[in-house]
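Report on one structure; see the data block that follows.
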Amino acid sequence: MKNTILIVDDEESLRLTLKLRLTAQGFEVVTAADGEEALEQLKQHPEIDLVLLDINMPKMDGIEALSQITQIYPTIEVIMLTGFADFTTAIECLKKGAKDYLVKPIEVTELITRVKTALRARSSENELKKLRSSFFSTFLHDMLGPLKTIESTIEQIKEGLTGHLSNDQTVLLGYIESLSERLLARTRNVIDLSKFEEGTIELNKNPLDLLTFLQAVSLRYEIIAKGKKLGFKKEFPPSVPQILCDFDRIDTVVNSLLDNAIQYSKKNGTITLGLTTTTFQQDGKTINGVQVYVKDEGIGIAPEELDSVFSKFKATEHHSAGGEQKITQFSLAIAKHIVEAHGGVISVESVLGKGSTFKFILPVQS
Amino acid sequence: MSSLRIASPITYNYQFSLNDGREIFFEIRLDPNTLEFIPSSDFQPPEWTKIDFYPCEGCPLLDKVQRCPVAVNLSRIIEPFKHTVSHTPAVVKVETESRVYSKETTVQNGLSSIIGICMVTSNCPVMDELRPLTRYHLPFATPEETLFRVASYYLLRQFFIAKDGGTPDWNLSGLIEIYKKISAVNVGISRRISQASESDANVNAVIILHSYGESIPFFVENELDEIRYLFEQFLKDRK
């Protein structure tokens, strides 16, 4: 398959001549005259593999465009072009995620070599990612079997298969069981995450009354919160419309948000689990939905970290009730995938030191 | 002497009207016989015009002159634009003896046009190869117009060589060689100008010329296919 290159330069003759040369090398080429146009072209052409980006341009310059491209399209390679040799700018661009940097006037043969090198590296990285992901997925699936066996064996021991258990043995077995459940749940989450990323997840949707479901969930979390000396408040309306969803997955989302709230709450704080009807915008349409929110009075999230709360492998350093911890927030990344797979939206609002509110809205089926 | 030739200097008057209100004028005067740039007398060239300051790769004048003739010519032009951003909008008007051209463009495009004349009329042996083209200078030429003009010029040159009993280069391989050398001059000159400017308008003007120049060998290697369509009606019977 041909690689597609986006040339972004305010000078038409440069766009033309570069396009001609790259096309002759077998590349598909699209062009843009400034950063704004470049972002529009990237939206229109998801097949773009690499961007040649001028720095000094009207409307939106190359540095601003680079920031947005690397954020929105992290797998696209960017090579910066500038007519004014400024190495401070070059370093800034490389720090912002540009793959390479060329000072104009550019020898086209040199440019073509750099483009091919960047694309080769990208292709190798993608292959490596696929290989890693496939290995990881196989490894996790292999783990599921033994974990399930551990769970069922514990169950059999509890039922007296190996004779009567002392109180101490029952307590220890309960501890092993809870650890095993946690490990099993996390393993399933990681498998789910990779399925979401591959687009191979299948949802088993059925009608659900979220009010009844949340009332049941809150029974469990009231006990957990009490054990942690935290308050637990419910804000439920008398009724909400049914939604069509994969119950197990939505259960995962709610549990993730509540676990997260408990994890980061300050001592004697209160956690609120709420439910409301609402509307939200999607593709320019207003959609009726049901909103679930989980509010805590915990440590909060710094404004600069809010954007990456739902990122995979997002490791944040928090001072939780249990002391300083490093948490890999896999569960929030999965929650986002699940909500979006249901056509919903998830968000977070937070004030550092005062607490956070996580909300997700699921569409009501008309 | 040809009856078509003019006796007085050939002039190109460039007027830049920038959107920040600045009006900048240049009068380019060329000797009608040699097409050499006629400099104004009261001019002290700056340091960056010295021949050994970022010299071009393969410079044929390195040990022969004190100052780079291309840089000396350009230094008269680039000073007013050394703080100007390349994409600053401008209306550029060019007056010749025969007509007036005007274009709403950017500073870098207008400068590219004027810098092109200054480079090939400077007595640099590399750039001199294109000097006859300045007699019929076409401001704001597109890549296709440039290709047509350059190929036509070079083929006309071969016609005269053949008429004089020489060996003409009908496959245009000499043109590729000329542009390879010109490419080295464009790179060298852009390095010099980078040192003399605090913004990118001047450098980008040379970069535009360089990009045109880099395309010519490519077009020639592809047998001028890009402009062949203009001649199809004369080629039909020969297929």
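Within segment A:1-21, track down each residue that is more than 9 Å from chain B (Cβ to nearest Cβ), touching a helix residue (DSSP H, G or I) at 6+ places or on another chain (Cβ under 7 Å) and of a type in the set (A, V, I, L, M). Even if it seems obvious, please write down each step before you answer.
Our first condition is that a residue be more than 9 Å from chain B (Cβ to nearest Cβ); within segment A:1-21, this holds for A:1-9, A:15, A:19.
Narrowing the set further to residues that are touching a helix residue (DSSP H, G or I) at 6+ places or on another chain (Cβ under 7 Å) leaves A:3, A:5-9.
If the condition is that a residue be more than 9 Å from chain B (Cβ to nearest Cβ), touching a helix residue (DSSP H, G or I) at 6+ places or on another chain (Cβ under 7 Å) and of a type in the set (A, V, I, L, M), then A:Ile5, A:Leu6, A:Ile7, A:Val8 are the ones that fit.
Of the residues that make up segment A:43-55, is at least one open to solvent by 40 Å² or more (accessible area, probe 1.4 Å) and facing chain B (nearest Cβ under 9 Å)?
Keep residues of segment A:43-55 that are open to solvent by 40 Å² or more (accessible area, probe 1.4 Å), which gives A:43-47.
Imposing the further condition that a residue be facing chain B (nearest Cβ under 9 Å) reduces the set to none.
Within segment A:43-55 (the criterion being open to solvent by 40 Å² or more (accessible area, probe 1.4 Å) and facing chain B (nearest Cβ under 9 Å)), the answer is no, since none of the residues qualifies.
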- Note on the structure: When (1) over 25 Å from B:Asp200 (Cβ atoms); (2) touching a residue at least 24 places away in the same chain (Cβ under 8 Å) are applied to B:Ser98, the one that fails is (2)
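Please determine whether any residue of segment A:302-313 is more than 23 Å from A:Val351 (Cβ to Cβ), open to solvent by 30 Å² or more (accessible area, probe 1.4 Å) and of a type in the set (Phe, Trp, Tyr).
Within segment A:302-313, one or more residues are more than 23 Å from A:Val351 (Cβ to Cβ), open to solvent by 30 Å² or more (accessible area, probe 1.4 Å) and of a type in the set (Phe, Trp, Tyr).
Give me a count of the residues in segment B:1-39 that are of a type in the set (Gly, Ala, Ser) and open to solvent by less than 50 Å² (accessible area, probe 1.4 Å).
Just the residues of segment B:1-39 that are of a type in the set (Gly, Ala, Ser), to begin with: B:2-3, B:7-8, B:17, B:21.
Still in the list and also open to solvent by less than 50 Å² (accessible area, probe 1.4 Å): B:17.
Counting residues in segment B:1-39 that are of a type in the set (Gly, Ala, Ser) and open to solvent by less than 50 Å² (accessible area, probe 1.4 Å) gives 1.
Looking at A:Leu66, is it closer than 14 Å to A:Tyr101 by Cβ and surrounded by 14 or more Cβ atoms within 10 Å (Cβ to Cβ)? Give the derivation first.
On the way: closer than 14 Å to A:Tyr101 by Cβ: yes; surrounded by 14 or more Cβ atoms within 10 Å (Cβ to Cβ): yes.
When the stated conditions are applied, A:Leu66 passes them.
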- Query: Which of (1) open to solvent by 20 Å² or more (accessible area, probe 1.4 Å); (2) in contact with a helix residue (DSSP H, G or I) (Cβ under 6 Å, 6 or more places away or on another chain); (3) not in a loop (DSSP other than H, G, I, E, B) does B:Leu156 not meet, given it meets every other one?
  - Reply: (2)
- Quick count over segment B:187-208, residues being surrounded by fewer than 24 Cβ atoms within 10 Å (Cβ to Cβ) and either under 28 Å from B:Leu62 (Cβ atoms) or charged (D, E, K, R) (or both), is 8
- Message: Regarding segment A:188-204, can at least one residue be identified that is in contact with a Lys or Arg (Cβ under 9 Å, 6 or more places away or on another chain), surrounded by fewer than 12 Cβ atoms within 10 Å (Cβ to Cβ) and without any contact (Cβ under 8 Å) to a residue 24 or more places away in the chain?
- Response: yes
- Note on the structure: Residue pairs within 8 Å by beta carbon, gap of at least six or interchain, first lying in segment B:64-91 and in contact (Cβ under 8 Å) with a residue 12 or more places away in the chain and closer than 21 Å to B:Phe16 by Cα, second β-branched (Val, Ile, Thr) and part of a loop (DSSP other than H, G, I, E, B), listed first then second, are B:Asn73/B:Thr121
- Message: Can you say whether A:Gly83 is over 27 Å from the mean Cα position of the chain (by Cα) and more than 14 Å from chain B (Cβ to nearest Cβ), as far as the supplied structure shows?
- Response: no
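Give segment B:192-225 a look and list any residue that's part of a helix (DSSP H, G or I) and facing chain A (nearest Cβ under 8 Å), or say none.
Of the residues in segment B:192-225, the ones part of a helix (DSSP H, G or I) are B:192-196, B:201-221, B:225.
Within segment B:192-225, B:Ser194, B:Val203, B:Asn204, B:Val206, B:Ile207, B:Ile208, B:His210, B:Ser211, B:Tyr212, B:Glu214, B:Ser215, B:Phe218 meet the criteria.
The values are calculated or read from the model by the stated rules, or taken from the named source; none is laboratory data. In this text, all values refer to a predicted model and were calculated from it rather than measured experimentally. Backbone-built Cβ (ideal geometry, glycine too); neighbour counts: all protein chains shown. Accessible surface areas use protein heavy atoms only, side chains included; no ligands, DNA or RNA. Shrake-Rupley method; radii C 1.70, N 1.55, O 1.52, S 1.80 Å.
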